[in-house]
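To keep things clear, I will list the structure first and then write my remarks on it.
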């Protein structure tokens, strides 16, 4: 009975790890990587959900505001078995599109406005952090394995 509870909770079940490049380029509009699966028991993965999120923060102290934006999403509906005590890797490509504020669009007009926007963003402590999250749906478990990794996005 204890084994069934551990399987249902995902203990000793499928674990996943995201393997990503250090950075992504805005011009490419997609990130390619791998998801590494390993498990102590053979289990079946019925799907994988991948998302790319931007955490956009601005302000200081009590005035600080933080928003999160979904930049891209992909679902892999492949069904496969993760063998016991072995590693399985699945390749993926996640398309994304950066969200630009009106201020950023104004700064893209020419180099003069770009400098003003950069100065204003520095004064307002504007900062973006990007991450990719992966969650696998595993047959017979209530708690699905997931992983998240930070990623640097190079804007041109």
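Coordinate-derived values only; no laboratory data. What you see is a predicted model, and the numbers here were worked out from it, not measured in a lab. Using ideal geometry, Cβ is built from the backbone for each residue, glycine included, and neighbour counts are taken over all protein chains shown.
At-a-glance table
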quantity	calculated
Packing-based order for 137-143, 13-19, using average beta carbon neighbours within 10 Å, highest first	13-19, 137-143
From the coordinates shown, percent of Cα pairs over 18 Å apart corresponds to which of (1) 56; (2) 64; (3) 53	(2)
Over the stretch 54-109, volume per residue of the alpha carbon convex hull, in Å³	165
The stretch 14-35 residues near the modelled residue 78 label - backbone nitrogen below 18 Å, point 7 Å along Cα→Cβ	14-21, 31-35
Neighbour-count ranking [beta-carbon atoms within 10 angstrom, fewest first] of 53, 35	53, 35
Residue-averaged 222 nm ellipticity for the chain, from DSSP H runs of 4+ at -39500 (n - 2.57), nearest 500	-5000 deg cm²/dmol
Distance (nanometres) between label positions extended 7 Å along Cα→Cβ at residue 70 and residue 103	2.6
